[in-house]
Structures are given as C-alpha cells and as structure tokens.
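**Q** The following block contains the structure, expressed as structure tokens.
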Amino acid sequence: MKTAVITGASSGFGAALARKLVSEGHTVLGLARRQDKLDALAAELGERFIPVSVDLTDRARAEAVLTDLSARFPAIDVLINNAGLALGVDKAQDAKMDQWDTMVATNISALLHITHALLPGMVKNNKGHIINLGSTAGEYAYAGGNVYGATKAFVHQLGLNLRADLSGTAVRVSTVAPGLCSGTDFSAVRLGDKDKAAAVYQNVDALTPDDIADTIAWIMNAPAHMNVNYIELMPVAQSFAGLSIHRKA
Ligand SMILES: NC(=O)c1ccc[n+]([C@@H]2O[C@H](COP(=O)([O-])OP(=O)(O)OC[C@H]3O[C@@H](n4cnc5c(N)ncnc54)[C@H](OP(=O)(O)O)[C@@H]3O)[C@@H](O)[C@H]2O)c1
C-alpha cells in the first residue's frame, strides 16, 4: 500500500481520488485550504485520510507543512499535484493581472515548491511517482484561455523535463490532461457564478471526477517498469473547433 499526497483534496478530482485511493487501502495526505471540506472527507474516509489545511501559494507555510509530513511519513510514494484553478474567461487584452498572478502562483509556483520539497526524498528512496494535472487547455488554444492554458502547457513540459532529469532512477512522472469535466468547483471558481457554471455543463455528458480518479489510480497502480508520460481525456461530446479566421469588413 502507498502513501499519497493529493493537493486540492477538498473538492472535485482531488476528493474523488482520495475516496478511490483510500478504498484501495492507500493512505492519503489531503491538502487544500477549506478546512471544513477536508474535515468532512476525513469523517467519511477515516484514519487513512489525513487532512491538512494549507494555502499552497504561501510558500513558507507550504514548505513547513511538507517538512512536517515528510518527517511523519518518511516514504511518500506518490505526489498528485492536482490543486489548480482558472480565473476568468476574458481575452488577454481585457484580463485582470491579479487573476493571472493567482493562476501562476497556484498552477505553477505552488506546484514547483511542492515538487521541489518531495522529489529529493523520492530519488533517495529510488521510489516515487509524481502525477500532475494538466488540461486540454494546455494543448489547444481558445479565446479566453490565455494564461490558464499557458500554465497547463508548463505543467506538461515540466513533466517531460523531470523525466529527463530522473533518467536512471525508478521515479515516475505523469501528466493527466482532462477536457470538460463536471461535478467539480472548477467553473464556479472560474466564472464566480454558480448559475453560469451550471450552464457550462448543461445537456452535456461531461467527464466526471470518478473518470479522472480511475485514470490516476490506473496510472499509479501500473507496473513499476511502466511510465505513462501523458494522457489526454475528453468526453465524447467534446471535440475540436476549426481555426478562427477574422475576415476584413
Ligand atoms: N474540471 C475540469 O474541467 C478540469 C479540466 C482539466 C483540468 N482541470 C484541473 O484539475 C485540477 C482540479 O480541478 P477540479 O476540476 O477538481 O476543480 P476544483 O473542484 O475547484 O478543485 C480545485 C482544488 O484545488 C484546491 N486549491 C486551489 N487553490 C489552492 C491553494 N492556493 N492552496 C491549496 N489548495 C488550493 C482547491 O481547494 P481549496 O479551495 O479548498 O483550497 C480544490 O480542492 C485543477 O488543476 C484544474 O486546473 C480541471
């Protein structure tokens, strides 16, 4: 059985994955800011779910938390860098700089701080797996996706570059890139409005958090000699738009 850190365990993919991994007998250290959500999950899942309330964009606090967890759990086998968010759908020329800063701080900097804290221990133990949440937004451009998509493209490339550095070790790195997925707080956070968020998923069989949790569990439970570098998932209902052409009046 493994010990897994899941960032962003308070809702969406992270909570679904915590349920899945605990049901398989693994121990989950679940990190997020919302203490009430983490406590509810702990009450549901029992002692193999350890809730840790932390704002991961607070580097000093995040590093202190990880130092403490590493001491209490010397063999952290899996790090699932799932915490992340999109803010807004404005075009770049209209976007709010604070929203860009928050996306970079959460999706890139916080992910790097956690990875930097836990990776040396994995290399020392010659055992470990980092699974990062990318997005189709990091692969395919769309209007309003600007910085969010760019942060997820960073996550994809970071995973590949980590693989290059980890050559010769048994440590694995994978990126999971979902498309449209309902049943999470993602669109409510992005749009700041529950009704607008609900409309995103109206009359669509979107992916579900359990689809993502099942995929991550499969990647994690794959034989030790096998590394899933990158996997992209979309609901059947989602496909590709043509390239946009602006015609002169
Ligand atoms: N839903 C989709 O369609 C979709 C598609 C592709 C990729 N993704 C990616 O999948 C990941 C999970 O998203 P989701 O859909 O499950 O959304 P979600 O329900 O909003 O979950 C996001 C999680 O990140 C945590 N988080 C955000 N900022 C944090 C911070 N500063 N410190 C600690 N935790 C923080 C949130 O917890 P607190 O608010 O409690 O801190 C929450 O648990 C994200 O990286 C997202 O970009 C989502």
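The values are calculated or read from the model by the stated rules, or taken from the named source; none is laboratory data. Here the structure is a predicted model, which is why all the values come from computation and not from measurement. With ideal geometry, Cβ positions are generated from the backbone for all residues, glycine too; neighbour counts draw on all protein chains shown.
**Q** Can you tell me which residue is farthest from the chain's Cα centre (by Cα) among those in the range 120-152 that are among the hydrophobic types (A, V, I, L, M, F, W, C) and within 25 Å of Asp214 (Cβ to Cβ)?
**A** Step one: filter the range 120-152 for residues among the hydrophobic types (A, V, I, L, M, F, W, C), giving 122-123, 130-131, 133, 137, 141, 143, 147, 150.
Restricting the remaining residues to those that are within 25 Å of Asp214 (Cβ to Cβ) gives 122, 130-131, 133, 137.
Values: Met122: 19, Ile130: 11, Ile131: 8, Leu133: 4, Ala137: 13 Å.
Checking each candidate, the answer is Met122.
**Q** Which residue out of Asp101, Asp94 is within 16 Å of the ligand (Cβ to nearest atom), farther than 21 Å from Ile131 by Cβ and modelled with pLDDT of 95 or more? Reasoning before the result, please.
**A** Values: Asp94 fails: within 16 Å of the ligand (Cβ to nearest atom).
Residue meeting the stated conditions: Asp101.
**Q** I would also like to ask the following. Scan the range 123-151 residue by residue and report those that are part of a loop (DSSP other than H, G, I, E, B), surrounded by fewer than 22 Cβ atoms within 10 Å (Cβ to Cβ) and in contact with an Asp or Glu (Cβ under 9 Å, 6 or more places away or on another chain).
**A** Lys127, Glu139, Gly144
**Q** Can you name every residue in the range 56-88 that is in contact (Cβ under 8 Å) with a residue 12 or more places away in the chain and acidic (Asp, Glu)? Give the steps one after another, and end with the answer.
**A** Initially, the range 56-88 is screened for residues in contact (Cβ under 8 Å) with a residue 12 or more places away in the chain, giving 56-57, 59, 62-63, 65-67, 69-70, 73-88.
Within the range 56-88, Glu63, Asp77 meet the criteria.
Here's the yes/no breakdown for (1) within 15 Å of the ligand (Cβ to nearest atom); (2) in a loop (DSSP other than H, G, I, E, B); (3) over 21 Å from Lys37 (Cα atoms):
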position	(1), (2), (3)
Gly168	no, yes, yes
Ser187	yes, no, no
Val228	no, yes, yes
Ala237	yes, yes, yes
Arg247	no, yes, yes
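**Q** While we're looking at this one, here's another question. Only residues that are under 19 Å from Asp185 (Cα atoms), of a type in the set (D, E, K, R) and without any contact (Cβ under 8 Å) to a residue 24 or more places away in the chain: list them for the range 8-55, please.
**A** Arg33, Asp36, Asp39, Asp55
**Q** How many of the residues in the range 166-196 are over 18 Å from Ala224 (Cα atoms) and surrounded by fewer than 19 Cβ atoms within 10 Å (Cβ to Cβ)?
**A** 12
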